[in-house]
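The values are calculated or read from the model by the stated rules, or taken from the named source; none is laboratory data. Here the structure is a predicted model, which is why all the values come from computation and not from measurement. Counting neighbours? That spans all protein chains shown, and the Cβs are built from the backbone with ideal geometry, glycine included. When the accessible area is computed, the model is the full protein with side chains, heavy atoms only, and any ligands, DNA or RNA have been set aside. Shrake-Rupley method; radii C 1.70, N 1.55, O 1.52, S 1.80 Å.
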Amino acid sequence: MNNSLYSRSQKYDIDWMVQNSMGPNVIWLTEALTGVMTLEPGMRVLDMGCGKAISSIFFAKEFGVEAWAADLWVKPTENWERIRGAGLDGLVYPIYAEARSLPFAHDFFDAIVSLDSYHYYGTDFGYLEFHILRHLKRGGQIGIVSPAYPVEIPLPSPEHPGDDWHWMNSVDWWERHWNRYPELDVEHSKALPNGWQSWVRWHELCLRHGRRDDWAESEIRQLREDEGRYLGFVRMVGRRTYEMTLIGTTSTPE
């Protein structure tokens, strides 16, 4: 469990993390994101696609922020039990929400984050502008860590890692995608260092602790064969600027 890249994460029980895992180790990804974001006690943070809310628990415990744990797949009552078990019922609030219909006020959050979920909904051309940035205060940061190709892959290409990964985009694609918006200043957009090694290591730890997901051994094999050439994560942070256009409007596209 020792991982010099993620010193804060070593305080957390491995069985708790394994039990609540929904993919790559979200606690490691959360700590990686906090290395390039500014979080301070008392901030309001939206954790989009939080899964079982352990990333929200990490934010609250480590940085003293208030976290809104929003997810579509995991019911808020289930997450509330985990939040209460962590003693954070005054800092973390579970929400059942769809990414394109968020029940929050405009300019409400100091930061918005997404760990290993943004690629499910954030590839839409207008998503940032019409669905999420309006809930972020001017000057606030949005940050994600999501699976991504470290480099562009020309298609068709024999180098492509296969159909299992056809849904991924490259780090450069994500940077271009966010740079479309004058309302957002991209501050950081790079491949996550040692991302694929941590992905493999987490799968192996889960197997060692009795969790045998159907896809784990296949992903381990593919990740090891690839050795980080085309499989990894993007870590990206942007800041909402003051030059707003459509953010303040009341209409949304059909």
- Note on the structure: Among Tyr121, Ala86, His188, the residue whose Cα sits farthest towards the positive end of the charge dipole of the stretch 69-193 (+1 at Cβ of Lys and Arg, -1 at Cβ of Asp and Glu, taken about the Cα centre) is Ala86
- Put Thr77, Thr241 in order of accessible area, largest first, probe 1.4 Å, and you get Thr77, Thr241
- Note on the structure: Along the dipole axis of the chain (charges at Cβ: +1 for Lys and Arg, -1 for Asp and Glu; origin at the Cα centre), the most positive-end residue among Ser170, Phe59, Trp73 is Phe59
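Rounded to the nearest 5, what % of DSSP beta bridges with both residues in the stretch 82-225 are antiparallel? Please report the intermediate quantities before stating the final value.
Values: 1 of 8 bridges.
Approximately 10 percent, going by the DSSP bridge assignments.
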- Query: Do you know the relative contact order of the chain, to the nearest whole percent, from alpha carbon pairs under 8 angstrom that are 6+ apart?
  - Reply: 20
- Would you grab the residues whose amide H sits under 5 Å from the one on His188? Only those 5+ places off in sequence or on another chain, please, with H modelled 1.01 Å from N. Val237
- Message: Can you give me the distance in nm between label points at Arg211 and Arg100, each placed 7 Å from the Cα along the Cα-to-Cβ direction?
- Response: 3.0
- Note on the structure: Given Cβ charges of +1 for Lys and Arg and -1 for Asp and Glu, the option among Trp202, Met37, Tyr96 whose Cα lies farthest towards the positive end of the dipole of the chain is Met37
- From the backbone phi of the stretch 56-69, what are the Karplus-calculated ³J(HN,Hα) couplings (6.51 cos²θ - 1.76 cosθ + 1.60, θ = phi - 60°) in whole Hz, Gly and Pro given as x? 5, 4, 4, 4, 5, 5, 7, 10, x, 8, 8, 10, 9, 8
- Query: Accessible surface of Met43 in the full protein assembly, 1.4 angstrom probe, to the nearest 10 Å²?
  - Reply: 40
- Task: Using DSSP, restrict attention to beta bridges with both residues in the stretch 1-105 and report what percent are antiparallel, rounded to the nearest 5.
- Result: 10
- Task: Can you grab the distance from the C-alpha centre of the stretch 86-114 to the C-alpha centre of the stretch 11-46, Å, no decimals?
- Result: 15
- Task: Calculate one ³J(HN,Hα) per residue across the stretch 194-211 by plugging θ = phi - 60° into the Karplus curve 6.51 cos²θ - 1.76 cosθ + 1.60, and present them in order as whole Hz with x for glycine and proline.
- Result: 6, x, 5, 5, 5, 4, 4, 4, 5, 4, 5, 5, 4, 4, 5, 9, x, 9
- Largest fluctuation, Gly49, Gly23, Gly162 only, Gaussian network model of the chain with Cα springs under 10 angstrom, belongs to Gly162
- Query: What percent do you get for the relative contact order of the stretch 141-230 when only Cα pairs under 8 Å and 6+ apart count?
  - Reply: 35
- Task: Note down the magnitude of the dipole of the stretch 1-88 about its Cα centre, charges +1 on Lys and Arg C-beta and -1 on Asp and Glu C-beta and zero elsewhere, to the nearest 20 debye.
- Result: 60
- Item | Rounded to the nearest 20 debye, dipole of the chain from Cβ charges on Lys, Arg, Asp, Glu | 560
- Among the DSSP beta bridges whose two residues both lie in the chain, what percent are antiparallel, rounded to the nearest 5? 45
